[in-house]
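Visitor: Mind having a look at this structure? Questions to follow.
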Amino acid sequence: MTNLTRRSFLAGSASLTGLAVSGCMSTAPQQPLAPWQDPSVLAMYRAMPEEQFPIPAPDLKKVPERYYRKQVDYPTSEKVGTLVVDTNNYYLYLVQENGKAMRYGVGLGRAGFEWSGRARIARKAAWPKWTPPEEMIQRQPELEKWSWRNGGMPPGIENPLGARALYIFQGNKDTLYRIHGTAEYWTIGSAVSSGCVRLINQDVIDLYSRVPDGSQIVVL
């Protein structure tokens, strides 16, 4: 056998061997990622050590997937930039162009169900103080230490208003209702004993960056 023929034979044998080996190998099907493992979701809800009060990443296994922040189709007659709170389904929509909206999951407290109608975002605050209303103090006297008389509760990760707050006014009157953050992310999609419209801190920071003072809000 000439050297050329021998080399050709060996090369062919190697190819057949490779095919045989690959034919014996089985590749297990990849398991789809759980929603809370999706890299884009993890990026949205990352820890935020750069904040004035560092925010940990939420345990997304405790938040139903349908309440993750998401851009959705949302045909509506409301103007672009309007906030729409759907209290029946625990969603807040920020109306966008071309029939879209950014949708956020929310938790609602007693106050969140008591009021509906149209108003505006009169002002916003990053890491706000919290001052419980007098009616709440009457129900929970231990909150007196955070009353307006005592200067309110300082900002921080445990503050009930969380990382950001949007203040809802009708005309020049403060409705006392707020859209705000919460460290209790597991309450998203449910009714809790107190509070207004609460979002995961990462979500309220995103919303805060998109909504200017004077934006219209509709609570349904």
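Visitor: Could you order 77, 190, 215, 116 so the one with the most accessible surface comes first? Probe is 1.4 Å.
Guide: Ranked list, largest accessible area first: 77, 116, 190, 215.
Visitor: Another question about this same structure. Show me, for region 153-168, the HN-Hα J-couplings you get by feeding each phi into the Karplus relation (A = 6.51, B = -1.76, C = 1.60, θ = phi - 60°), rounded to Hz, glycine and proline as x.
Guide: These are the phi-based 3J(HN,Hα) values: 8, x, x, x, 5, 8, 4, x, 8, x, 7, 8, 9, 10, 9, 9 Hz.
Visitor: List the lysines whose Cα lies under 23 Å from the Cα of residue 61, skipping any in the same chain that are fewer than 8 positions away.
Guide: In chain and number order, the partners are 70.
Visitor: Any idea of the accessible area per residue across region 71-209, 1.4 Å probe, to the nearest Å²?
Guide: 47
Visitor: Next question, about the same structure. Per residue of region 85-92, what does 6.51 cos²θ - 1.76 cosθ + 1.60 with θ = phi - 60° give for ³J(HN,Hα)? Whole Hz please, x for Gly and Pro, Karplus curve as stated.
Guide: Listing the rounded values in order: 9, 9, 6, 6, 10, 6, 10, 10 Hz.
Visitor: Of 63, 80, which has the most accessible area with a 1.4 Å probe, and how do the rest follow in descending order?
Guide: Putting 63, 80 in descending order of accessible area: 80, 63.
Visitor: Okay, next question. For region 102-159, with the dipole built from +1 on Lys and Arg beta-carbon atoms and -1 on Asp and Glu ones, taken about the Cα centre, which of 151, 127, 104 lies farthest toward the positive end?
Guide: Of the listed residues, the answer is 104.
The values are calculated or read from the model by the stated rules, or taken from the named source; none is laboratory data. What you see is a predicted model, and the numbers here were worked out from it, not measured in a lab. Cβ coordinates were reconstructed from backbone atoms using ideal geometry, including for glycine residues, and neighbour counts include every protein chain displayed. Just the protein is used for accessible areas: all its heavy atoms, side chains included, with ligands, DNA and RNA removed. Shrake-Rupley method; radii C 1.70, N 1.55, O 1.52, S 1.80 Å.
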